[in-house]
Amino acid sequence: MKLILTREVAGLGAAGDVVTVKDGFARNFLLPRGNAIAWSLGGEKQIQSIRRARSNREIRDIDHAKEVKATLEAATITAKVKVGAKGVLFGSVTDKDVASAIKAAVGLDIDRHAIKTAGHIKKTGNHEVKVSLGHNVVATATVSVVAE
């Protein structure tokens, strides 16, 4: 079965790639998880938009990765969340929330899959997160979780 990958799949390809896989792998794994869509002739526009978005997020080389690392480590990243009467968060701060906070603070579009937290962030205060930038460069950023 021919598919268009919508996000990176280890051992298969990156977002925007057209791949051919066995029917069962496509039906049972890739399609239900949203990792791919069925290939069609009209899918070329989707491929171009996925590749454009990937190139905007992509770290070009090791020098660019080190530059982004310095920017992330120097930045003040603030995530505003809803908090109850006793200062307890409603839910937790997810990788997606951290990625949007980084975009708001620095203007960088970081993939949420590259962000690693030490468990769930369920309290206000400062928390360290690791951001994998590729080329064996990992930035340690401090995210300040504050009440909304």
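The values are calculated or read from the model by the stated rules, or taken from the named source; none is laboratory data. Not measured: the values here are computed from a predicted model. With ideal geometry, Cβ positions are generated from the backbone for all residues, glycine too; neighbour counts draw on all protein chains shown.
Taking Thr140 as meeting all but one of (1) surrounded by 12 or more Cβ atoms within 10 Å (Cβ to Cβ); (2) not in a loop (DSSP other than H, G, I, E, B), write down the number of the exception.
Result: Thr140 passes all but (1).
Given the criterion outside the structural domain of Asp17 (by TED's automatic domain parsing), farther than 29 Å from Leu5 by Cα and either of a type outside the set (A, V, I, L, M, F, W, C) or assigned to a loop (DSSP other than H, G, I, E, B) (or both), identify the matching residue among Ala70, Ala79, Ala85.
Ala85
Okay, residues lined up against (1) at pLDDT 90 or above; (2) touching a Gly at 6+ places or on another chain (Cβ under 7 Å); (3) surrounded by 15 or more Cβ atoms within 10 Å (Cβ to Cβ):
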{"site": "Gly84", "(1), (2), (3)": "no, no, no"}
{"site": "Ile102", "(1), (2), (3)": "yes, no, yes"}
{"site": "His120", "(1), (2), (3)": "no, no, no"}
{"site": "Glu128", "(1), (2), (3)": "yes, no, no"}
{"site": "Val131", "(1), (2), (3)": "yes, no, yes"}
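Looking at the stretch 6-57 only, could you name the residues that are touching a residue at least 40 places away in the same chain (Cβ under 8 Å) and either of a type in the set (Ser, Thr, Tyr) or not in a helix (DSSP H, G or I) (or both)?
Selection gives Thr6, Arg7, Glu8, Ala14.
From the list Lys130, Lys103, Lys82, Lys122, which residue is touching a residue at least 40 places away in the same chain (Cβ under 8 Å) and not aliphatic (A, V, I, L, M)?
Matching residue, one of Lys130, Lys103, Lys82, Lys122: Lys82.
Listed here are the residues, each with its yes/no results for (1) hydroxyl-bearing (Ser, Thr, Tyr); (2) assigned by TED's automatic domain parsing to the domain that holds Asp111; (3) touching a Gly at 6+ places or on another chain (Cβ under 9 Å).
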{"site": "Arg7", "(1), (2), (3)": "no, no, yes"}
{"site": "Ala10", "(1), (2), (3)": "no, no, no"}
{"site": "Ala14", "(1), (2), (3)": "no, no, no"}
{"site": "Lys22", "(1), (2), (3)": "no, no, no"}
{"site": "Gly34", "(1), (2), (3)": "no, no, no"}
{"site": "Ile37", "(1), (2), (3)": "no, no, yes"}
{"site": "Ser40", "(1), (2), (3)": "yes, no, no"}
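Inspect the stretch 16-27 for any residue being at pLDDT below 90 and among the polar types (S, T, N, Q) and give the result as yes or no.
no
Just give me the residues in the stretch 1-17 being out of contact with any helix residue (DSSP H, G or I) (no Cβ under 6 Å at 6 or more places or on another chain) and over 21 Å from His113 (Cβ atoms), in sequence order.
The answer is Lys2, and nothing else.
Quick one: in the stretch 54-65, of everything that is aliphatic (A, V, I, L, M) and surrounded by 15 or more Cβ atoms within 10 Å (Cβ to Cβ), which residue is nearest to Gly13 (Cα to Cα)?
Result: Ile59.
Only one of His113, His135, His120 is farther than 12 Å from Thr78 by Cα and either within 12 Å of the chain's Cα centre (by Cα) or not assigned by TED's automatic domain parsing to the domain that holds Lys66 (or both). Can you tell me which?
When all the criteria are applied, what remains is His113.
Being more than 10 Å from the chain's Cα centre (by Cα) and surrounded by fewer than 16 Cβ atoms within 10 Å (Cβ to Cβ) is the filter here; which residues of the stretch 86-100 pass it?
Within the stretch 86-100, Lys86, Gly87, Val88, Phe90, Gly91, Ser92, Thr94 qualify.
Considering every residue within the stretch 66-89, establish whether at least one is within 23 Å of Ala15 (Cα to Cα) and in contact with a strand residue (DSSP E or B) (Cβ under 8 Å, 6 or more places away or on another chain).
yes
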